[in-house]
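Enquirer: My structure is below; once you've seen it, I'll send some questions.
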Amino acid sequence: MPKKSGDESYLRKGLSEAILLILFAVIGSFVFEWALVFILQTDAPFHTPISGSMEPTLKVGDLLIIHGGLKAKDIYASPDNGDIIVFRNPSDPQGPPIVHRAIKKIYKNEKCYFLTKGDNNPGDDLRLFGWLVPEEYLIGKVIFVVPKVGFIMRVMDETKINIGGYVITLRMILLAADLAALFYLCLSDKTANKA
């Protein structure tokens, strides 16, 4: 019998350590993301392409790291190797951001606009969609790409449940489950020590 009690204690200790490790990883990811928001000067330091318009340079599911807080002067525009920028869609500013290459800067009435193009598209966005990107629609430029990791981020953040007007993501659910498990282990450990 004592061996079983020792096994339970060992299992509980291992489970506690595993949950703490997961909890630290989740909290660490939030702290890391918050630090990136501050350092990269954007509320959205991560983005994932949702179409193949930038292939082969960027693929659907790549994780893009974005540097925000930029002005037109900070963006290099060239058809061959211009900066890849993330911007609000001029046709649907509330829709998902677009990731295309800045190929030219156009100045009209003392305002700067970007002519953009997806590397895989047959023409520029003005010719295909009829728009230029105003400087104020610029979210940032891509400074780093992590292949395929964006799929995980999208699943974690786009799997949503709407409860009474509140949106809960999968990442929030996993964090809550970690906290509940940790609380349960602490509570059950205290009751076991009292017995």
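Enquirer: If packing is taken as the mean number of other Cβ atoms within 10 Å per residue, what is the order of 54-62, 70-78, highest first?
Expert: With the highest mean Cβ count within 10 Å placed first, the list reads 54-62, 70-78.
Enquirer: On to the next question. Per-residue HN-Hα couplings for the stretch 132-140, Karplus 6.51 cos²θ - 1.76 cosθ + 1.60 at θ = phi - 60°, whole Hz, x for Gly and Pro?
Expert: 10, 9, x, 3, 6, 8, 5, 8, x
Enquirer: So what's the net charge close to PHE129: Lys and Arg +1, Asp and Glu -1, counting the other residues with Cβ under 13 Å from its Cβ? Don't skip to the end; give the middle numbers.
Expert: Working: positive: LYS117, ARG127; negative: ASP92, ASP124, ASP125.
Summing Lys and Arg as +1 and Asp and Glu as -1 gives -1.
Enquirer: Going by amide H atoms built from the backbone, whose H comes under 5 Å of the H on ASN120, apart from near neighbours?
Expert: Close amide H contacts, sequence-distant or interchain: MET54, GLU55.
Enquirer: Which residues does the label zone of TYR107 cover in the stretch 31-75, counting backbone N under 16 Å from a point 7 Å along Cα→Cβ?
Expert: Residues passing the 16 Å test: 71-75.
Enquirer: Classify the stretch 13-62 from the C-alpha gyration tensor, please: rounded if a/c falls under 1.5, else prolate or oblate depending on whether a/b exceeds b/c. The partial results should precede the final answer.
Expert: Working: a/c = 5.22, a/b = 1.85, b/c = 2.83.
Verdict is oblate for the stretch 13-62.
Enquirer: Collect residues whose amide H, placed 1.01 Å from N in the peptide plane, falls under 5 Å from the amide H of ILE103; neighbours closer than 5 in sequence don't count.
Expert: Amide H neighbours of ILE103: SER78, LEU115, THR116, LYS117.
Enquirer: Placing +1 on the Cβ of each Lys and Arg and -1 on the Cβ of each Asp and Glu in the stretch 46-148, which of VAL142, PRO49, ILE75 has its Cα farthest towards the positive end of the resulting dipole?
Expert: It is ILE75.
Enquirer: Contour minus end-to-end for VAL60 and PHE129, with contour as 0.36 nm per residue of separation and end-to-end as the Cα-Cα distance?
Expert: On the way: separation 69, 0.36 × 69 = 24.84 nm, distance 2.09 nm.
Roughly 22.8 nm would be gained on extension.
Values in this text are rule-based calculations from the coordinates and carry no lab data. If you're wondering where the values come from, they're calculated on a predicted model, not measured in any experiment. For neighbour counting, all protein chains shown are included, and Cβ atoms are generated from backbone atoms with ideal geometry for every residue, glycine included.
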